[in-house]
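Trainee: Here's a structure for you.
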Amino acid sequence: MGRAGKYPCAVIQMPPPVDVTEAYFVALVALLDTTEETPTELDNVEARYFTLEKGMSFDDSEQTVLCEWSDSTHSNYGSGPEPTVPAFIQQIMSFIDR
């Protein structure tokens, strides 16, 4: 548990990925601004779900890929950061406040 900027964030470390598209981490970010009063109704809190996946570059070297999942889509945001929790959260923050 932690924060992605002003939002609560839970990050789960997955077993080390073996194949492309397997995840290093998954993160769920609740879109609740913790600098404001907590809403009394929490049944319909919006959230965003991110993954940091193992990828391959065109020269066959390993890389990470930042992705986001929603009800019906899988968005690939391209090259991700090094596979560490702080770097993952830092990159997620750049997508949350867009």
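What follows is calculated from the coordinates using simple rules that are stated; it is not laboratory data. Quantities reported herein were computed from a predicted structural model and do not represent experimental measurements. Cβ: placed from backbone, ideal geometry, glycine included. Neighbour counts: every protein chain shown.
Trainee: Checking a compactness column here: for the chain, what do you get for Rg(Cα) / (2.2 N^0.38 Å), N being the number of residues?
Mentor: Compactness ratio reported: 1.14.
Trainee: Given contacts defined as C-alpha pairs under 8 Å and at least six residues apart, what's the relative contact order of the stretch 21-62, whole-number percent?
Mentor: On the way: 44 pairs, mean separation 21.9, N = 42.
That works out to 52 percent.
Trainee: If you don't mind, another one. Among 26, 11, 45, which one moves the most in a GNM of the chain with springs linking Cα atoms closer than 10 Å?
Mentor: 45
Trainee: Still on this model: Of 24, 77, 49, which is the most mobile in a GNM of the chain whose springs link Cα atoms less than 10 angstrom apart?
Mentor: Of 24, 77, 49, the Gaussian network model singles out 77 as fluctuating most.
Trainee: Mind listing which GluC sites (Glu not before Pro) in the stretch 1-82 are in a DSSP loop and have 10 or fewer other Cβ atoms within 10 Å? Let's see the in-between values first.
Mentor: On the way: sites: 22, 36, 37, 41, 46, 53, 62, 68; in loops: 22, 36, 37, 41, 46.
Passing sites in the stretch 1-82 are 36, 37, 41, 46.
Trainee: Something else now. Which of 88, 25, 58 moves the most in a Gaussian network model of the chain with Cα springs under 10 Å?
Mentor: So, out of 88, 25, 58, the one fluctuating most is 58.
Trainee: Can you tell me the dipole magnitude for the stretch 1-96 around its Cα centre, using point charges on the Cβ only (Lys, Arg +1; Asp, Glu -1), in Debye to the nearest 20? Don't jump to the answer; show the numbers that get you there.
Mentor: Working: 4 positive and 15 negative charges, 44 e Å.
Here the stretch 1-96 has a charge dipole of around 220 debye.
Trainee: Which cross-chain or sequence-distant (5 or more) residues have an amide H under 5 Å from the amide H of residue 63, H modelled 1.01 Å from N in plane?
Mentor: Sorted by chain and number, the residues that satisfy this are 55, 56, 57.
Trainee: Over 10 Å intervals from 0, what percent of Cα-Cα pairs in the stretch 26-73 sits in each interval?
Mentor: 20, 36, 25, 13, 6, 0
Trainee: Taking the Cα atoms of the stretch 51-98, report the difference between the largest and smallest coordinate on each principal axis, in whole Å and largest first.
Mentor: So the three principal-axis extents are 32, 27, 15 Å.
Trainee: Using a 7 Å offset from the Cα along the Cα-to-Cβ direction at both residue 69 and residue 6, what is the distance between the two label points in nm, to one decimal?
Mentor: Once both label points are built, they end up 2.9 nm from each other.
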